[in-house]
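Heads up, the thing below is written out as structure tokens.
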Amino acid sequence: MRNHVNASGFPLQIAIENIVNDTKSDHGWRTRYTEHSWTNAAAVESGFIDLVLVNSYGSQVFVVECKRVKDTSWIFLIEETERKNRRHAKSFVYNKSGGNIKRFEWLDLTLDPSTPESQYCVIPGSGADQRNKSLIERAAAELVSSTEGLALEDKSLSSNNSSDLKMYFNVIVTTATLQVCYLNSKLINIENGTIDNAAFEEVPYLRFRKQLNPIYKIPQISSVESSQDIARVC
């Protein structure tokens, strides 16, 4: 029975929630919701958000998806000439002043820590059809839709003449090892579509950025290694 519980991924989710709340005095973040039901009428989608974390001001919100995987790495491809870390991140911004909606859209904002950024993810063992059924792309696309649903909910619950500012960020927390593969695209074998030489580097955080659904995109990913790592993420 223990194996079934562990395979569910819920223990990881509960552990992250506890670590965030136990270290609140260090970073100011807390759990706002767990297993929060959401609906995105525009996308005709619904589901449950694993964790919704909020900072002490209530202005920054992390919409978190927890992914427990066993003994595997997620490998992200980056052109070796683009090793520079990036600080920008996609955020859904809800800004209301005196009852007037100023912003209700996705925007690029700068966010620490700076990390490598990739739009290609290889998950070993996924098979030849992984481009159509990538675990991370499915999870990321649902995160985007759930974030819009949460923002719509907050908007509907806000009183008419109030002011509010919320910046929502997508986050995937995983037990997978995050590896970056730096390659030279000019050296790819065009006959068989393979690379002979590449540099690999393990990283704690990474931005995964691509068109995930017909509207918007982008989570930030963090590897789980210790309580200290979780505190830095949140």
key: Members of segment 196-212 that are touching a strand residue (DSSP E or B) at 6+ places or on another chain (Cβ under 6 Å) and not in a strand (DSSP E or B)   = 198, 203, 204, 209
ask   = Going by the conditions given, is residue 159 crowded, with 18+ Cβ neighbours inside 10 Å and not acidic (Asp, Glu)?
value = no
inquiry  = Restricting to segment 22-63, and then to whatever is modelled with pLDDT of 95 or more and among the β-branched types (Val, Ile, Thr), can you tell me which residue is nearest to residue 95 (Cα to Cα)?
reply    = 61
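Test of understanding: among 153, 148, which residue is at pLDDT 85 or above, in a helix (DSSP H, G or I), acidic (Asp, Glu) and within 19 Å of the chain's Cα centre (by Cα)?
Numbers: 153 fails: within 19 Å of the chain's Cα centre (by Cα).
Sole residue among the options that is at pLDDT 85 or above, in a helix (DSSP H, G or I), acidic (Asp, Glu) and within 19 Å of the chain's Cα centre (by Cα): 148.
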request  = Please specify each residue of segment 1-40 satisfying the condition of being touching a strand residue (DSSP E or B) at 6+ places or on another chain (Cβ under 7 Å) and assigned to a helix (DSSP H, G or I).
outcome  = 12, 13, 16, 17, 20, 21, 24
message = Give all pairs with beta carbons closer than 7 Å in which a residue from segment 44-57 that is in a loop (DSSP other than H, G, I, E, B) meets a residue that is surrounded by fewer than 17 Cβ atoms within 10 Å (Cβ to Cβ) and at pLDDT 95 or above; count only pairs at least 6 apart in sequence or on separate chains.
response = 55/28; 56/28
task = Pull up segment 41-64, narrow it to residues that are out of contact with any strand residue (DSSP E or B) (no Cβ under 7 Å at 6 or more places or on another chain) and closer than 13 Å to residue 149 by Cβ, then point me to the one that is surrounded by the fewest Cβ atoms within 10 Å (Cβ to Cβ).
result = 44
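Go through segment 15-35 and give me each residue that's under 17 Å from residue 65 (Cβ atoms) and surrounded by 14 or more Cβ atoms within 10 Å (Cβ to Cβ). Break it down into steps so the answer makes sense when it comes.
Applying the first criterion (under 17 Å from residue 65 (Cβ atoms)) to segment 15-35 yields 15-17, 19-20, 29, 31-35.
15, 16, 17, 19, 20, 29, 31, 32, 33, 34 - these are the residues of segment 15-35 that are under 17 Å from residue 65 (Cβ atoms) and surrounded by 14 or more Cβ atoms within 10 Å (Cβ to Cβ).
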task = Filter segment 26-68 for residues that are over 22 Å from residue 111 (Cβ atoms) and β-branched (Val, Ile, Thr) and give the result.
result = 34, 39, 44
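The values are calculated or read from the model by the stated rules, or taken from the named source; none is laboratory data. The shown structure was predicted, so the numbers you read here are calculated from the model rather than taken from an experiment. Heads up, the Cβs are rebuilt from the backbone with ideal geometry, glycines too, and the neighbour counts pull from every protein chain shown.
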